[in-house]
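Below is one structure; the comments refer to it alone.
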Ligand SMILES: [Zn+2]
């Protein structure tokens with residue numbers, strides 16, 4: 001199964017994406033043992049000083065632990081305690097915290113097939129009603145990219161813009177911390193932004209409290225850079241069970257999994273044997289099978305490497321001839337994938353066409369801005385960012401000054417203007 005292959009997934013490819021962050025191999029290691037076992041992981045001094053001179057309003061947790069791996073946020077801070085208090089722990093199933101071995105495989109505490117907690121990793125890609133796994137409508141393709149924002153993603157967003165493609169982007173909190181301008185670019189382009197946890201540890205390996213802070217810190221940093229609060233998340237590696245389900249549900253999140261996997265995460269990974277031709281072959285196969293489908297799909301792709309981006313550019317134009325490609329929110333009919341109810345995405349109708357629903361506006365965050373929608377499947381109002389945020393350390397890129405907010409509603413930037421500003425900021429920062 002694809003998910004079993006994905007269990008071996010690491011983020012070593014991220015090395016190339018975070019040069020500005022100091023350590024060159026932040027890893028989505030599943031345990032401290034796994035992280036420390038890799039000779040490739042440098043030991044660094046933990047720091048809360050994030051790169052890019054971004055004018056953070058919130059104080060975020062350290063990027064790295066003492067092994068140099070991405071750090072799970074502490075659970076004893078005042079903020080963490082507030083979030084932990086949001087969850088009724090007595091309602092959380094008492095599923096065990098799963099141990100993972102050094103090779104990144106879960107150790108099943110139950111006899112084979114007898115885990116009662118619907119564990120995606122241990123129980124054969126187990127899902128529950130309410131988990132989003134496919135686009136329901138035949139001929140529809142939920143386009144998703146994980147593990148950003150990365151500089152490769154920046155390039156991908158540019159290209160998707162030329163193709164009028166919109167995707168669901170699952171952002172890692174620590175990637176947003178290191179590449180905030182790329183995140184802003186993704187938001188500004190009208191993609192659906194969703195949570196992919198703070199440090200990309202497999203969630204069943206974490207305690208209830210750690211799961212809570214992983215989700216909430218990511219929500220917080222996405223809100224700061226993009227002005228939106230995602231209602232959807234994707235567990236790293238799809239690793240998910242009833243304990244994680246309960247916690248996520250109590251916090252207001254719905255999981256988006258996938259039913260097709262390009263395996264493009266392998267590109268750039270040590271020992272990778274995947275070739276671009278193999279990924280091309282997967283797409284060719286899926287295109288050929290469409291006529292016999294009974295439902296649509298959600299496909300797992302990544303913005304982790306040049307090869308994964310090249311693969312998307314190579315295959316999506318062909319795919320678009322067989323499938324109607326859109327963000328997951330659009331394909332499942334949720335016009336409001338953010339808590340901000342004034343932001344709406346077009347949703348698919350029974351006729352297969354996307355329909356926009358314009359909704360009333362509400363009070364704007366102090367500096368959230370957005371652009372008017374285009375004809376694609378992006379939101380009808382694209383939340384973006386503060387002028388200061390878009391500009392990073394540069395005071396010359398005060399883009400929101402060009403617009404005039406109207407009382408009681410969001411202010412919408414020209415997407416082109418914003419893209420120019422972000423591109424300049426990214427160029428300067430990376
Ligand atoms: Zn991931």
**Request:** Just grab the label-to-label distance for residue 59 and residue 320, each label 7 Å out from Cα along the Cβ direction, in nm (one decimal).
**Result:** 4.7 nm
**Asked** Within region 309-343, what residues put their amide N at less than 18 Å from the label point 7 Å along the Cα-to-Cβ vector of residue 287?
**Response** 309-326
**Complete:** Classified through the alpha carbon gyration tensor (a ≥ b ≥ c as square roots of its eigenvalues; rounded if a/c is under 1.5, else prolate when a/b is larger than b/c, else oblate), region 229-303 comes out oblate
**Request:** Classify region 85-219 as rounded, prolate or oblate from the Cα gyration tensor: take a ≥ b ≥ c as the square roots of its eigenvalues, call it rounded if a/c is under 1.5, otherwise prolate when a/b beats b/c and oblate if not.
**Result:** prolate
**Complete:** By the Cα gyration tensor axes a ≥ b ≥ c (a/c under 1.5 gives rounded; else a/b larger than b/c gives prolate, otherwise oblate), the shape of region 296-338 is oblate
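Determine, for 134, 176, the number of other Cβ atoms within 10 Å of each Cβ, and report the residues in order from fewest to most.
134, 176
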**Fill in**
When 264, 101, 131 are arranged by how many other beta-carbons sit within 10 Å of their Cβ, fewest first, they go 101, 131, 264
**Request:** Provide the FRET efficiency to the nearest 0.05 for the residue 278-residue 66 pair, computing r from the beta carbons and using R0 = 35 Å.
**Result:** 0.40
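Here, each number is a calculation from the coordinates, and none is a lab measurement. Keep in mind that this is a model prediction, so the values were computed, not measured. Cβ atoms come from the backbone with ideal geometry, glycine included; neighbour counts cover every protein chain shown.
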